[in-house]
Every structure is written in structure tokens, then in C-alpha cells.
């Protein structure tokens with residue numbers, strides 16, 4: 001059983017690494033020239049890390065033909081505007097809606113004229129007005145997919161428990177992780193008598209981040225946890241739960257710390273208030289920075305097979321880059337779990353600090 005599991009794991013890593021390398025280097029000689037300079041490689045990596053109004057699986061380097069599908073664009077600008085991103089033709093044309101014109105520029109939608117003019121300031125930043133963009137982007141698709149996988153997985157686990165005490169199928173994977181979050185994260189940090197009501201949130205955060213991180217390792221281009229808006233939203237949820245869970249002792253230690261001189265209480269008060277906001281900020285930044293850096297390193301190593309062809313030859317450079325990318329992908333699988341664990345553990349720790357009873 002162990003050998004079979006190890007074999008499946010290695011095959012999974014090989015598929016992840018090979019498919020990512022395949023997407024970067026091209027599937028044929030015609031497409032292999034699409035990223036053959038350092039600038040083009042950097043642009044490709046930035047494109048992989050950014051959100052998009054298109055779900056692009058492949059781009060032919062010579063013809064420029066994109067294989068994928070556009071996503072719905074929803075704008076609020078003196079009314080609701082709804083159209084498909086195919087109107088932009090990947091930023092090459094202007095989209096018209098209800099008498100207004102919009103241009104896709106570096107992944108952002110700007111209001112423009114019928115000619116598609118984009119004015120830039122001294123720092124090359126667009127000065128055109130931006131409508132409120134609530135579009136279904138690639139990141140949103142990734143979040144919906146992760147939510148669907150959670151519903152299917154835990155729905156199956158709950159269904160199994162109705163007929164049997166032993167989980168079946170995917171439940172055999174989920175149950176040990178649920179028990180781990182309960183016994184190793186929630187109960188030690190929050191307390192035996194109080195952790196139960198926080199388990200739904202902690203389990204949701206743990207599995208949601210973990211699944212999103214795993215999806216980010218696939219060649220589908222998802223980088224949801226590498227989007228600071230997403231990590232900020234998750235951190236805000238933790239912040240709200242902590243503040244509403246705080247007991248009298250928690251607030252007393254922030255605004256009028258017991259057991260210290262009055263002068264020190266006045267000095268410590270702004271520090272403790274600042275600490276209320278630095279905790280979720282650390283949650284947000286840690287998850288964002290680690291996942292973004294991981295994707296960047298993997299893509300950069302795969303790019304070596306392109307940049308080192310002149311020195312080591314196609315076979316030598318590809319073999320070296322593949323070996324490095326394979327190793328980093330294994331590390332990234334660990335990081336995917338580790339970041340979900342750290343976010344959940346720190347959330348439980350902050351909740352436990354807010355609900356802890358103090359003896360003075």
C-alpha cells in the first residue's frame with residue numbers, strides 16, 4: 001500500500017512538472033519560440049501570477065491564437081454593463097456597451113473612447129477612469145471550483161456517516177485531516193470547552209486554502225492565494241471573529257492592562273490597539289508572499305530550459321530545469337499544506353487569546 005501511494009504521488013508530481021514545462025516551452029517547434037528571451041519569460045511569469053478575464057490554456061507563439069474561453073465581464077458604470085471578454089480580443093479591440101467604450105489594458109478595464117486611447121502619466125500609469133469591475137475572472141472561477149470541491153468532498157463524507165461509521169472514498173482522506181485540525185489546532189489553542197463552535201470556520205479556512213494552493217500548482221493558471229485581495233479577505237474574517245469572540249478580559253488587556261502602573265497602561269494602550277491590526281496583517285501578508293514566491297520560483301526554474309539552450313543544448317538544459325522544477329514542485333506541495341496549516345493555526349491561536357480566561 002505504501003509503495004502504491006508513493007508511486008501515485010511521484011506520478012502526480014511528474015504530471016504537474018511536465019505539464020507546466022509543456023505550457024511554457026511549447027508543444028511544437030512552431031510554438032516553441034513564444035517565450036525565448038528573458039523579457040518574454042518575465043512577461044509570461046507575470047501573466048501567470050495575475051488574474052485574467054480569460055481562461056487561456058494555450059497560446060500559439062507564431063499565430064497568436066489563444067485556446068481557451070472568455071469569461072463574463074460585469075461593470076458598474078452609470079448602470080450595469082454585461083458582456084463577454086471576447087469583445088476585448090485580449091486587449092486588441094475596444095468593447096462597446098450601452099454607448100460607453102472600454103479597453104482592457106494590462107488586465108484592467110478602463111473607460112476610453114471609440115479609438116481605444118489610453119493616456120499615461122509620467123510613471124506610465126493609465127489616467128483613464130475605471131468602472132467598478134465585478135467580473136467573473138479566472139481567480140473567481142478558481143474559488144468557485146474550490147468551493148464546489150469542498151461541497152462534493154464533505155457532502156460525500158457526511159453521506160457516508162449516515163450509513164456507516166467508517167468513511168469511504170474521499171472520506172478516508174478527509175477524516176484524518178478533520179481530526180488533525182480538531183485535535184492539533186483547535187483544541188490546544190482555543191480550549192477543550194470552547195473550540196467546537198469555531199470548528200466550522202477553521203475547517204473551512206484550512207481546506208479552502210489547501211485546495212486553492214493545490215490548484216495553483218496545476219497548469220490551469222490559478223493563483224488565487226497569490227492575490228493579496230483574497231488573503232486580505234480571509235484575514236478580515238479572522239479579525240472579525242476574534243473581535244466578536246473577545247471577552248471582558250481580552251478588552252481589558254488592550255485598553256487598561258491590569259497589574260501595571262497607570263503610566264504604563266497609557267503607554268501600552270496604543271501598542272495593544274496596533275497589535276489588533278498587525279495580527280491579521282501578518283496572516284494576509286504571509287500567505288500572499290509565500291504562495292506568490294513559490295509560483296515565481298517554479299516558473300523561473302522551468303524557464304531555464306529556454307534560456308540555457310545555447311550553453312547546454314536542448315536536452316541538457318531541459319533535463320537540468322526539469323530536475324530543479326521537480327524538486328521545487330515537491331517543496332511547493334509541502335508549502336501548500338503548510339500555509340493552510342499556519343493560517344488556520346494562527347487563526348485558532350488569536351481566537352484562543354481572545355476567549356482565554358485570566359487569573360489575576
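The values are calculated or read from the model by the stated rules, or taken from the named source; none is laboratory data. As the structure is a prediction and not an experimental result, all values here were calculated from the model. No Cβ is skipped: glycine too gets one built from the backbone with ideal geometry, and neighbour counts run over all protein chains shown.
Taking residue 169 and the conditions (1) modelled with pLDDT of 85 or more; (2) touching a helix residue (DSSP H, G or I) at 6+ places or on another chain (Cβ under 9 Å); (3) farther than 30 Å from residue 102 by Cβ, which numbered condition does it fall short on, given that it satisfies the others? Failing condition for residue 169: (1). From the list 285, 349, 338, 324, the lone residue that is modelled with pLDDT under 75, surrounded by fewer than 19 Cβ atoms within 10 Å (Cβ to Cβ) and in the same structural domain as residue 234 (by TED's automatic domain parsing) is 324.
Residues in the range 152-170 that are within 19 Å of residue 211 (Cβ to Cβ) and outside any helix (DSSP H, G or I): 167, 169, 170. A single entry from 174, 203, 217 fulfils the requirement of being at pLDDT 90 or above and buried (at least 18 other Cβ atoms within 10 Å of the Cβ): 203. When the range 235-250 is filtered for residues that are under 12 Å from residue 357 (Cα atoms) and out of contact with any helix residue (DSSP H, G or I) (no Cβ under 7 Å at 6 or more places or on another chain), the ones remaining, listed by number, are 248, 249. Of all residues in the range 241-270, those that are modelled with pLDDT of 85 or more have Cβ atoms under 7 Å from Cβ atoms of residues that are exposed (fewer than 15 other Cβ atoms within 10 Å of the Cβ) and in a helix (DSSP H, G or I), 6 or more apart or on another chain, in 269/255. For the range 116-136, a residue qualifies if it is free of Cβ contacts under 8 Å to residues at least 40 places away in the same chain and either closer than 26 Å to residue 56 by Cα or surrounded by 16 or more Cβ atoms within 10 Å (Cβ to Cβ) (or both), and the qualifying residues are 116, 117, 118, 125, 126, 128, 130.
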